[in-house]
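Q: Pasting a structure here, questions to come.
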């Protein structure tokens with residue numbers, strides 16, 4: 001067992017012996033939640049821009065900020081309402097509603113830009129970086145719940161037929177001496193997300209005048225933490241001032257004509273009936289919430305000195321790009337060229353799906369794959385193989401995934417994705433190229449990435465690759481001036 005926890009407690013105990021009253025660290029003098037209104041809002045739009053010009057003269061932080069998004073879900077066909085209790089849920093979480101984000105300065109310098117890959121990258125992060133304790137307090141707010149079956153039930157959520165249009169019946173038959181009444185295709189995660197959606201919507205519906213039946217329209221206010229929309233917000237975790245920034249958010253609404261549908265339709269098994277088709281829109285103006293802060297006199301004095309001399313804050317964050325390929329049945333070995341211009345790549349995630357489902361409204365989550373996956377996997381950087389040996393067995397592939405999970409206090413990988421869950425329902429592959437080894441790759445130069453693999457598939461499959469690359473940004477402060485510098489030339 002590790003001695004780190006014991007050593008930590010020993011240190012705390014000894015410190016308590018020598019120091020009777022430890023002084024508290026500096027605190028904000030005030031911290032107020034405020035918001036920016038969307039510029040030029042029009043009902044039905046699917047992109048929203050916020051300009052920080054009006055708040056540049058005060059210290060603000062977006063560390064705990066969020067996007068308030070008033071969302072409307074209606075039947076897509078007039079005269080075809082939803083069920084009285086609609087069988088709908090966000091795919092994976094409300095993060096599927098976000099298509100991308102752009103952050104730029106008033107001079108046009110782009111600090112972050114990501115489109116089309118967000119639903120995949122965000123849910124990969126939730127699965128790999130958050131443990132079960134996180135879900136207890138944060139899951140329902142994001143409508144996040146892992147797809148799977150009831151405890152003690154042998155899962156049949158392994159094939160496209162059993163996963164698509166999730167079943168909401170817990171039981172498939174009355175229990176007898178020969179039949180287990182538990183439904184092995186009942187998706188617990190979808191049911192939990194459906195409950196989150198309808199619980200939030202029913203509160204608004206009950207307060208409407210007159211009350212609105214959910215079968216006719218579902219309206220709810222979604223609060224999406226900014227740190228789950230962009231890693232730039234997570235990395236920029238301190239207050240800033242004098243920075244005029246433009247924050248643009250893209251939404252997977254019908255008006256965007258997005259290929260990706262953010263909500264999944266469930267199925268009643270008895271009789272077999274799928275929920276009616278839907279359309280999503282933003283009918284009233286979103287808000288961008290942040291905190292305005294002031295400092296205690298001692299801190300304010302130190303800040304004034306630093307601002308006079310000028311100082312720089314450096315942050316590192318990730319952006320993702322998405323690449324899609326179709327693999328023909330029984331195709332054998334193949335090579336997928338991802339890109340020739342990726343700069344500073346760190347990880348490549350790969351997921352295999354039945355054909356034509358992952359974008360549609362029948363699929364419960366972008367990180368649900370069933371048992372579809374690679375039988376061999378490798379990657380080349382500028383034509384050189386990265387792995388000496390291909391990833392072949394499920395054990396090898398899951399071990400590679402564990403290596404990129406966050407670590408707990410004991411140094412073990414911590415995640416809500418167990419090996420059993422990975423093997424049957426969430427088969428995410430990863431190629432971590434952050435250890436370059438003997439491959440000579442310049443972080444400032446574009447890199448050509450190609451996947452070499454094979455999939456044991458009797459039918460065509462869709463493959464999605466999510467490439468994670470690291471970026472760096474310098475925020476420069478001096479007097480009333482602010483400057484942001486980003487780009488690959490910052491790497492040394």
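We did not get these values from a lab; they are worked out from the coordinates using the rules stated. Quick caveat: nothing in here was measured; it's all calculated off a predicted structure. A quick note on method: Cβ atoms are made from the backbone with ideal geometry, for glycine too, and the neighbour counts reach across all protein chains shown.
Q: For residue 109, put the label point 7 Å out on the Cα→Cβ axis and report which residues of segment 466-482 keep their amide N under 20 Å from it.
A: From segment 466-482, the list is 470-482.
Q: According to a simple spin-label model (label point 7 Å from Cα along Cα-to-Cβ), what is the distance in nm between residue 341 and residue 382?
A: Placing both labels 7 Å beyond Cα along the Cβ direction yields 1.8 nm.
Q: What nm value, rounded to one decimal, do you get for the distance between residue 273 and residue 312 when each label is placed 7 Å out toward the C-beta?
A: 6.5
Q: Using the count of nearby Cβ atoms within 10 Å as a rough guide to exposure, how do 123, 247 rank from fewest to most?
A: 123, 247
Q: Candidates (1) 36; (2) 50; (3) 61; which is the computed percent of Cα pairs over 37 Å apart?
A: (1)
Q: Okay, moving on. Antiparallel DSSP bridges in the chain: what percent, to the nearest 5?
A: 95
Q: Now a separate question. Please order 232, 59 by the number of other Cβ within 10 Å, starting at the fewest.
A: Taking fewest neighbouring Cβ atoms as first place, the list is 59, 232.
Q: Please say if segment 337-394 is rounded, prolate or oblate, where rounded means a/c under 1.5 for a ≥ b ≥ c the square roots of the C-alpha gyration tensor eigenvalues, and otherwise the choice is prolate for a/b larger than b/c and oblate otherwise?
A: It comes out oblate by the Cα gyration axes.
Q: Could I ask something else about it? Can you tell me which of 324-335, 422-433, 144-155, 395-406 comes out highest on packing, and rank the rest after it, using the mean Cβ neighbours within 10 Å?
A: Working: 324-335: 12.8, 422-433: 21.8, 144-155: 18.0, 395-406: 16.3.
Per-residue Cβ counts within 10 Å, averaged per peptide and sorted highest first, yield 422-433, 144-155, 395-406, 324-335.
Q: Given a Förster distance of 51 angstrom, what is the FRET efficiency for residue 37 paired with residue 413, based on the Cβ-Cβ distance and rounded to 0.05? The partial results should precede the final answer.
A: Values: r = 43 Å, r/R0 = 0.83.
Working from the Cβ atoms, E equals 0.75.
Q: If I model a spin label as a point 7 Å beyond the Cα along the Cα-Cβ vector, how far apart are those points for residue 305 and residue 242 in nm?
A: Taking the two extended label points, one gets 1.8 nm.
Q: Highest mean first, how do 455-466, 309-320 rank when packing is the count of other Cβ atoms within 10 Å averaged over residues?
A: 455-466, 309-320
Q: Before anything else, pin down the relative contact order of the chain: Cα pairs under 8 Å, at least 6 apart, normalised by residue count, whole percent.
A: On the way: 1093 pairs, mean separation 124.7, N = 492.
Computed over the chain, the figure is 25 percent.
Q: I would also like to ask the following. Would you calculate a helix-derived [θ] at 222 nm for the chain, using -39,500 (n - 2.57) for each DSSP H run of n ≥ 4 and dividing by the full residue count, to the nearest 500?
A: Value at 222 nm, helices only, nearest 500: -5500 deg cm²/dmol.
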